[in-house]
Amino acid sequence: MPRRRRAQPTVRGPGPIAAALLLVGRATRGALAPIVGVVSPLGWIVLGAAVVSLLVGALLGWLEFVALGAVLLAAPVVSIAFHALRAYEPGDDRRYVHWRTSARTGQLMVRRFEETRRSQLVILFDADRDKYASDDEFELAVSIVASLGVQVIRDGTLVAVVSEATALRTGTASTLLDDSCRLEPVTTRHASAREFPRAATLRLPPPSLVVLVGGSGLAVTDARAVQTLFGRDAVTIGLRADSAASSRIATVDRLRVATVGSLADLPRLVRGMS
């Protein structure tokens, strides 16, 4: 029997959604934390362009310039970071010898470098039918997922979109929209709120930002369980689709959960969470 296929979900955009999402993670961890490492020339160019875009956008009120600056600022400008020292080995570049430590220890020590991780966004779609009060609420949640995913893909950020039934293709905005048409409510087989995201992201790179999307039945404890699963290396936020409620943001012990009453409120809510 062929699967039922809905029309493509409503997508809210364009707008600086992805930029604000990335800044949520940066702001929570400290966007301007001291960096010890080697910044490539391209990194300094990107950082300069980000600052200029933010200033021009703020002065002239051009949101798209603000969005561009935010995306550039959230992008990884440090391509190689200094992590530790190790003993010199034949063939090591002497430019990386740490002379002060070498003099203190009496042994040549060199800086050990490591490539930094790119920003990785994971969108978790909780399709458990018990979390939704109506079909319209479920469709709103699907539209939230599609809106976020499409904007992030267009901004060139790595993103994975997974539900309890499947992983959606994110190669292009079109393939994501096509797969979102097949999302349906499911009867969950998972024993806890941690089990679904654990199983769905087992083969994915460690995320820097996790967005949990569900219905009005999505509890703060569900988002908290996801937050503890990924630990302090990732920022977790929750988005609850509830067309019967007014849109708002709640913060409980550094965990942010937004209630989305209308898709039109999504850009404002995401910017407010940054």
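At-a-glance table
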{"item": "Full-stretch length increase - residue 174, residue 191 - with 0.36 nm per residue and alpha-carbon distance subtracted", "result": "2.8 nm"}
{"item": "The stretch 97-205, relative contact order in percent, only Cα pairs under 8 angstrom and at least six apart counted", "result": "26"}
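Computed from the coordinates by the stated procedures, all read-outs in this text should not be read as laboratory data. No experiment lies behind these values; they were computed from the predicted model shown.
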